[in-house]
1. Would you pick out the residues in region 185-211 that are assigned to a helix (DSSP H, G or I) and either loosely packed, with under 12 Cβ neighbours inside 10 Å or touching a residue at least 60 places away in the same chain (Cβ under 8 Å) (or both)?
2. Any idea how many residues of region 78-97 are out of contact with any helix residue (DSSP H, G or I) (no Cβ under 7 Å at 6 or more places or on another chain) and surrounded by 16 or more Cβ atoms within 10 Å (Cβ to Cβ)?
3. Tell me, yes or no, whether region 50-64 has at least one residue that is closer than 20 Å to residue 182 by Cα, crowded, with 16+ Cβ neighbours inside 10 Å and over 11 Å from the mean Cα position of the chain (by Cα).
4. Suppose we keep only residues that are within 27 Å of residue 106 (Cβ to Cβ) and in contact with a helix residue (DSSP H, G or I) (Cβ under 8 Å, 6 or more places away or on another chain) within region 154-184. Which one would you say is surrounded by the most Cβ atoms within 10 Å (Cβ to Cβ)?
5. Any residue at all in region 141-161 that's under 21 Å from the mean Cα position of the chain (by Cα) and either more than 23 Å from residue 87 (Cβ to Cβ) or at pLDDT 95 or above (or both)?
6. Tell me, yes or no, whether region 22-34 has at least one residue that is without any contact (Cβ under 8 Å) to a residue 40 or more places away in the chain, closer than 28 Å to residue 172 by Cα and touching a helix residue (DSSP H, G or I) at 6+ places or on another chain (Cβ under 7 Å).
7. Looking only at residues that are in contact with a helix residue (DSSP H, G or I) (Cβ under 9 Å, 6 or more places away or on another chain) and either exposed (fewer than 13 other Cβ atoms within 10 Å of the Cβ) or part of a strand (DSSP E or B) (or both) in region 107-140, which one is modelled with the lowest pLDDT?
């Protein structure tokens, strides 16, 4: 089962990927993680990527495709994989299909998680967590039962991620619209794209996705 998850930041791709991994016993492949791993392992591709990044340049599509090709050749991808973060452009999508076809593979489904962006901004911008145990809270949807005290561990210190603010979320959504959404027609044209309502509950979204298979 070879899948690609699409959706703006905060749409729940990570949560759904974890459930799909457990259901199908396949790994989630993040391009960022693949790059870091290749660099840390000192592979030929990793050394090449490291030199490019240290020069302040973007890793070219050709190298990313090689990294993905190497990664899906490992044993844990024998049953399939979940791609996250790549492709972001139509050219990358085309190159990915060529590489997969050469390996006798293909993307079975491209799952696009749709969200109401105003609600998404509110969801992300209001998040904060316990600085001690990491329990999650929200300004609107989930405040601690006792003001200023974590429900889970009783700690009194909380923190917010630096990018969990309205301005950053809007900027990330703008980038998603400009860079990633253009690949939707590519996958829709051959029937691989499936759109799922990401505003439903986590379990409902998961069941909707699993019903596709």
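1. 185, 186, 187, 189, 202, 203, 205, 206, 209, 210
2. Going through region 78-97 one residue at a time, the tally reaches 2.
3. Scanning region 50-64, I find at least one residue that is closer than 20 Å to residue 182 by Cα, crowded, with 16+ Cβ neighbours inside 10 Å and over 11 Å from the mean Cα position of the chain (by Cα), so the answer is yes.
4. Step by step, filter region 154-184, then rank; the result is 183.
5. Scanning region 141-161 turns up at least one residue that is under 21 Å from the mean Cα position of the chain (by Cα) and either more than 23 Å from residue 87 (Cβ to Cβ) or at pLDDT 95 or above (or both).
6. Yes, because at least one residue in region 22-34 is without any contact (Cβ under 8 Å) to a residue 40 or more places away in the chain, closer than 28 Å to residue 172 by Cα and touching a helix residue (DSSP H, G or I) at 6+ places or on another chain (Cβ under 7 Å).
7. The selected residue is 140.
The values are calculated or read from the model by the stated rules, or taken from the named source; none is laboratory data. Note that the structure is a prediction, hence the values are computed from the model and not measured. Backbone-built Cβ (ideal geometry, glycine too); neighbour counts: all protein chains shown.
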